[in-house]
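Let me begin by presenting the structure, written as structure tokens, before commenting on it.
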Amino acid sequence: MLKNPYLSVVIPVYNEEETLPILYSRLFPVLDGVGKPYEVIFVNDGSRDRSQDVLEQLHARRPEQIRIVQFMRNYGQHPAIMAGFEHVRGEVVVTLDCDLQNPPEDIPKLLALIEDGHDVAGGIRGDRQDKSWRKGVSKLSNILRERITNIRMTDHGCMLRAYRRYIIDQIVESGEATPFITALSQYLAANPAEAVVGHEERAAGKSNYNLYKLIRYNFDLVTSFSVVPLQIFTLTGITFSILSFLLVLYIAARRVVIGPEADGIFTLFAILFLLVSVTMAGLGLIGEYVGRIYTEVRKRPRFVVKQVVEHNGVTKEAA
Ligand code: UDP
Ligand code: MG
């Protein structure tokens with residue numbers, strides 16, 4: 001049995017056969033430079049390319065330091081990181097994307113913050129190299145998330161982060177169906193810190209996110225940290241009730257003074273349409289929460305691990 005390492009690096013991998021060798025050649029010199037025992041846990045999130053073969057070749061080169069958790073199929077980036085968290089042994093944990101958009105060379109910067117007594121050190125993508133619509137969506141969702149959820153962090157989309165182990169244990173224990181690693185860790189942190197880290201274009205391959213996935217992602221984010229959206233609807237409802245009440249008073253008075261009115265049918269329709277659409281949006285919103293409660297209570301496994309490759313061999317977890 002190997003001694004527990006000081007540092008565990010968790011990296012989700014989805015169709016990254018091209019980036020993995022580059023990552024290997026840049027990450028390991030950095031980790032060797034830290035001068036403490038470490039492990040790197042790659043979680044293969046059901047890649048359809050040769051990522052698993054590449055990972056196994058890398059494992060053969062550093063069997064003591066590399067562990068591979070292989071999923072049965074694709075479950076998504078956050079479930080992959082969660083699976084990595086369930087396997088970490090280090091006192092300090094670092095998460096990193098595989099595509100080298102965040103340079104591994106910045107890991108020591110975050111580790112220094114942890115050594116200084118912070119329990120979470122988050123990266124902020126300086127000079128972000130993404131398509132401009134992506135940056136716009138991120139900016140908007142960062143502002144909204146900060147307003148609605150009260151979680152203060154500059155960049156919830158940056159996966160280059162370092163955590164004390166107890167934060168990771170709490171995340172694993174919370175067992176949420178749709179965990180948001182970045183926001184959740186910030187929420188759990190007693191003494192978080194942030195540092196600007198580099199951001200580059202993807203080393204190879206292409207992004208796995210599109211606009212639809214990003215919208216779903218942001219809905220998940222907001223609904224898992226806040227019920228403010230529901231309260232906004234309650235407030236809207238109350239406001240409309242007061243306005244309608246005043247309108248009723250006015251029309252009643254008008255009827256007494258001037259007599260019945262037949263005009264204004266279209267105005268009435270307009271008001272009705274408005275109210276109906278607000279109600280529909282409200283129902284949909286409630287549905288978002290109910291759907292998430294449903295996913296949560298169903299307690300289906302968030303992912304199924306096919307096998308774990310470690311220095312002492314392969315453990316098959318599912319057939
Ligand atoms: N990823 C994953 N499962 C997925 C999608 C992505 O494990 O279903 C991994 C991917 O291999 C990478 C990280 O998550 O390490 C970030 O993905 P990507 O670079 O596509 O996202 P972006 O940088 O565009 O936000
Ligand atoms: Mg990326």
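Within the accessible area of the range 34-78, what % is carbon and sulfur when the probe is 1.4 Å and the other protein chains stay in place?
Of the solvent-accessible surface of the range 34-78, carbon and sulfur hold 44 percent.
Note down the accessible area of ARG67, probe 1.4 Å, to the nearest 10 Å².
The accessible area comes out at roughly 10 Å².
Accessible surface of LEU111 in the full protein assembly, 1.4 angstrom probe, to the nearest 10 Å²?
Ignoring ligands and nucleic acids, LEU111 comes out at about 10 Å².
Just to confirm the number: angle between the C-alpha axis of helix 228-257 and the first principal axis of the chain, 0 to 90 degrees, nearest 10?
Tilt of helix 228-257: around 10 degrees.
Among LYS135/LYS306; LYS109/LYS306; LYS3/LYS306, which pairs are too far apart, with a Cα-Cα distance over 27 Å?
Violating the 27 Å limit, Cα to Cα: LYS135/LYS306; LYS109/LYS306.
What shape does the range 212-319 have by the C-alpha gyration tensor, where a ≥ b ≥ c are the square roots of the eigenvalues, rounded means a/c under 1.5, and otherwise prolate means a/b greater than b/c and oblate the rest? Before the final figure, lay out the partial values.
Values: a/c = 5.35, a/b = 4.40, b/c = 1.22.
Taking the square roots of the gyration eigenvalues as a ≥ b ≥ c, the range 212-319 is prolate.
Starting from the coordinates of the alpha-carbon atoms of the range 35-130, obtain the Kirkwood hydrodynamic radius over all distinct pairs and give the value in Å to one decimal.
Numbers: mean 1/r = 0.0668 Å⁻¹.
Across the range 35-130, the inverse of the average 1/r is 15.0 Å.
Kindly express, to the nearest 10 degrees and within the range 0 to 90, the angle between helix 265-298's C-alpha long axis and the longest C-alpha principal axis of the chain.
That helix lies at roughly 30 degrees to the long axis.
Taking θ as phi - 60°, what are the ³J(HN,Hα) couplings along the range 218-226 by the Karplus curve (6.51, -1.76, 1.60), each to the nearest whole Hz, with x for Gly and Pro?
6, 4, 4, 4, 5, 5, 7, 10, 7
Hey, if you put +1 on the Cβ of every Lys and Arg and -1 on every Asp and Glu Cβ in the range 30-117, which of LEU111, ASN44, VAL34 ends up farthest toward the positive end of that dipole?
ASN44
Taking a spot 7 Å from the Cα of THR234 along the direction of its beta carbon, which residues of the range 273-299 have an amide N less than 16 Å from it?
282-283, 285-287, 289-290
Which of the GluC sites (Glu not before Pro) found in the range 20-96 are loop residues per DSSP with 14 or fewer other Cβ atoms within 10 Å of their Cβ?
For GluC sites (Glu not before Pro) across the range 20-96 that sit outside H, G, I, E and B with at most 14 neighbouring Cβ atoms in 10 Å, the list reads GLU64.
Report the relative contact order of the range 200-319, percent, no decimals, based on alpha-carbon pairs under 8 angstrom and at least 6 residues apart.
Value for the range 200-319: 18 percent.
How much accessible surface area, in Å² rounded to 10, belongs to the heavy atoms of MET72 with a 1.4 Å probe?
90
With a 10 Å cut-off between alpha carbons and a GNM built on the chain, which of LEU247, LEU110, LEU20 moves the most?
Its mean-square fluctuation being the largest, the pick is LEU247.
Tell me which residues come under 5 Å, amide H to amide H, from ALA203 once H is placed; ignore anything under 5 positions away on its chain.
GLN101
Might you tell me the accessible area per residue for the range 223-319, computed with a 1.4 Å probe and given in Å²?
Numbers: 7230 Å² over 97 residues.
It amounts to 74 Å² per residue over the range 223-319.
Determine the sum of side-chain charges near VAL248: Lys and Arg each +1, Asp and Glu each -1, restricted to other residues whose C-beta is under 13 angstrom from that of VAL248.
Residues near VAL248 contribute +2 overall.
If we count every other residue with Cβ under 9 angstrom of GLU17's Cβ, Lys/Arg +1 and Asp/Glu -1, where does the sum land?
Values: positive: ARG50; negative: GLU16, GLU18, ASP49, ASP53.
With Lys, Arg at +1 and Asp, Glu at -1, the net is -3.
Convex hull volume of the Cα atoms in the range 33-88, per residue, in Å³?
For the range 33-88, the hull spanned by Cα atoms encloses 94 Å³ per residue.
Quantify, in whole percent, the carbon and sulfur part of the accessible surface of the range 108-163 (1.4 Å probe; protein heavy atoms only).
53
Relative to the Cα centre, what is the charge dipole magnitude of the range 5-118, using +1 at the beta carbon of each Lys and Arg, -1 at the beta carbon of each Asp and Glu, and rounding to the nearest 20 debye?
Taking the Cα centre of the range 5-118 as origin, the dipole is about 220 debye.
Find how many whole Å separate the alpha carbon centroid of the range 112-129 from the alpha carbon centroid of the range 282-319.
The range 282-319 and the range 112-129 have Cα centres spaced 28 Å from each other.
In degrees between 0 and 90, to the nearest 10, how far off the longest principal axis of the chain does helix 165-174 point, with axes built from Cα atoms?
Long axis of 165-174 versus the principal axis of the chain: about 50 degrees.
Out of PHE303, LEU285, VAL314, whose Cα points farthest toward the positive end of the dipole of the range 258-315 (charges: +1 Lys, Arg; -1 Asp, Glu; placed on Cβ)?
Final value for the positive-end residue is VAL314.
The values are calculated or read from the model by the stated rules, or taken from the named source; none is laboratory data. What you see is a predicted model; the values in this text were computed from it and never measured. Every residue, glycine as well, gets a Cβ built from its backbone with ideal geometry; the counts of neighbours run over all protein chains shown. Areas reflect the complete protein model, heavy atoms only, side chains present, ligands, DNA and RNA absent. Shrake-Rupley method; radii C 1.70, N 1.55, O 1.52, S 1.80 Å.
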